[in-house]
Each structure stands twice: as structure tokens, then as C-alpha cells.
1. Sorted from fewest to most neighbouring beta carbons within 10 Å, what does the list SER46, SER36 look like?
2. Return ILE51, ILE23 ranked ascending by Cβ neighbour count within 10 Å, so the fewest neighbours appear first.
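No value in this document is a laboratory result; all are computed from the given coordinates. Since we're looking at a predicted model, the values are computed, not measured. Reconstructed Cβ throughout: ideal geometry from the backbone, glycine too, with neighbour counts over all protein chains shown.
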Amino acid sequence: MNCFGVQKQDEEYQCAKCPKKFITRNALSSHMKVHSPKANQPAQCSQCYQIFDNRRQLTEHLKTHNQFCYGSHNSRLIDDSGVIRNIDLNLPAGPVYPYNR
């Protein structure tokens, strides 16, 4: 039992593609995205043409080129000169927020 008197759940959720285990089904579901073929394909920056192992690395890299982004995972980015650049990552749109370097 934990400190709230609730019995601890001993069930673990095993990834079918790697040895990782998770406490919740949601955590396993989130983890499964790393095994997606598209998520693990190489991706290239359209601004400096640097190549990354996957989309997550490219998304993080794009922040170095941009002061403002539309959402945290969007394909439309505004560079420092104010030009909107379309980065085809097939990701959903989001609100504008300033990126702090």
C-alpha cells in the first residue's frame, strides 16, 4: 500500500518491440510512438540542410533558427526576419508563442 492507503498496482505494461516496461497503459501508448517508422526516418532542415536521425531532433533543431513558432509541434515557423516558412512535418497546428533562447 502507498501512503494514501491505496494498494499499489503491480501490473506492468511491456512494450512489444523493446524491453521497456511502463506503469500505465498511457505511458506505454506514448512510448510506442518512438517505434513508428515515420518518427524514425531521417529528416532534413529546409533552412540549413542539416540532416537529423528523426523528426524529434529536427523539431528541436528548428528552434535554433526561429524566434517565434506556431505551436510546439507545427509545420509553420516564422524565422528571425519575419518570413513564414513551411516545414512539412505533418504535425498539427497550434497557437503562436515566443521562443526563449
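1. Exposure proxy ranking, most exposed first: SER36, SER46.
2. Going from least to most buried by this count: ILE51, ILE23.
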